[in-house]
Amino acid sequence: MSKKLTKNKKKIIEKISSKKYSLEEALFLVKEISFVKFDASIDISVHLGIDIRLPNQMVKGTVTLPYGTGKNVCILALVPKDKESEAKKAGADYVGLSYIDKIKSGWTDIDIIIATPSVMNQLGTIGKILGPKGLMPNPKMETVSINPEKSIKEIKSGKITFKADRYGIVHASVGRVSFSHQYLLDNIKEFMRTIIRNKPSASKGSYIKSIYLSSTMSYGLPLDLKSFVKK
C-alpha cells in the first residue's frame, strides 16, 4: 500500500509545476492527479483580503451551483407539526421537533438544518452543540425559512452555503471528479461570481488573494487570478 502511495505521489509531483494555472488547465490536472478509488470531491479554497474580526467584513451567503455538488446533502427539518408532511415531500431526510432531544444526546449526523422562525426559540438549548459544527440555522444563510419546503428543494438541487473561516478563507465543494469539464467550469464560475458580488464595501485593497483547486486527498493547484477573475 505504501509503495503504491509513493508511486502516486511521485506521479503527482512530476505533473505539478510551480506556476499558477488557468482554471481550464487546473481542472484537467486536478482530475489527473486524483488517485483515490472513489469519486473524489473537487474543492475550491478562496483566500480573501478581509479582516474577519470586523463584522462588516464577514463574507458568507448561499449560491446555487448549476450542477450541484454530486453529494447527497442530509437535511433535518425542524418545523411545526403542520409543516412536517411538506418537508418530507420536499426531500428532508429527518423531520420533526423530536430531533431536538436527539441532538441534546449528541446526535448530529446531518449536513444542514432548516428551521422555521417559529421554532427558533426552542433551539437555544442546543445552540452550543450546533454552533461549533456550523449547523445552527441562520436567516442570512437562508436556513431559517418561512417556506421550508422551497428551501429544502433548493438545497437538494445544488444550493450551498459558504462562510469565510477565521483565516479569511472560503472553502467549498464544487463537484466531483466524475463531473464533465463543462459542469465543473460552470459551477466554479457561478461560485466565484457570487463570492465577488459578496465583497464587503469595507474591504480595502486586494479582495481575492489566492484561489486553490484540489480534489479529496490531493495537492492544491494555485489558480492564475488574472485569467480567472475576469471570467
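The values are calculated or read from the model by the stated rules, or taken from the named source; none is laboratory data. Owing to the predicted nature of the structure, the values given are computational and were not obtained by experimental measurement. FYI the Cβ positions are ideal-geometry reconstructions off the backbone, even for glycines, and counts take in every protein chain you see.
Please count how many residues of the range 173-192 are buried (at least 18 other Cβ atoms within 10 Å of the Cβ) and of a type in the set (D, E, K, R).
Residues meeting the conditions: 1.
In the range 153-170, how many are modelled with pLDDT of 95 or more and in a helix (DSSP H, G or I)?
Looking only at that region, the number is 0.
Name the residue, out of 73, 63, 36, 30, that is on the phi < 0 side of the Ramachandran plot, outside any helix (DSSP H, G or I) and surrounded by 19 or more Cβ atoms within 10 Å (Cβ to Cβ). Lay out the reasoning, then the answer.
On the way: 73 fails: surrounded by 19 or more Cβ atoms within 10 Å (Cβ to Cβ); 36 fails: surrounded by 19 or more Cβ atoms within 10 Å (Cβ to Cβ); 30 fails: outside any helix (DSSP H, G or I).
So the residue among 73, 63, 36, 30 that is on the phi < 0 side of the Ramachandran plot, outside any helix (DSSP H, G or I) and surrounded by 19 or more Cβ atoms within 10 Å (Cβ to Cβ) is 63.
Scan 78, 48, 29 and give me the residue that is touching a Gly at 6+ places or on another chain (Cβ under 9 Å) and closer than 30 Å to residue 177 by Cα.
48
Residue check, residue 25 against (1) within 30 Å of residue 198 (Cβ to Cβ); (2) in contact (Cβ under 8 Å) with a residue 40 or more places away in the chain, all met but one. Which one?
Just one mismatch for residue 25, condition (2).
As an exercise: evaluate residue 56 against (1) under 20 Å from the mean Cα position of the chain (by Cα); (2) of a type outside the set (Val, Ile, Thr); (3) modelled with pLDDT of 90 or more; (4) in a helix (DSSP H, G or I) and give the number of the one condition it does not meet.
It fails just one condition, (1).
Six or more apart or on different chains, Cβ atoms under 6 Å: show the pairs whose first residue is in the range 191-208 and without any contact (Cβ under 8 Å) to a residue 24 or more places away in the chain and under 18 Å from residue 159 (Cβ atoms) and whose second is among the charged types (D, E, K, R) and surrounded by fewer than 17 Cβ atoms within 10 Å (Cβ to Cβ).
none
If you take the residues of the range 181-231 that are part of a helix (DSSP H, G or I) and either β-branched (Val, Ile, Thr) or in contact with a His (Cβ under 7 Å, 6 or more places away or on another chain) (or both), which of them is modelled with the lowest pLDDT?
In this case the residue turns out to be 229.
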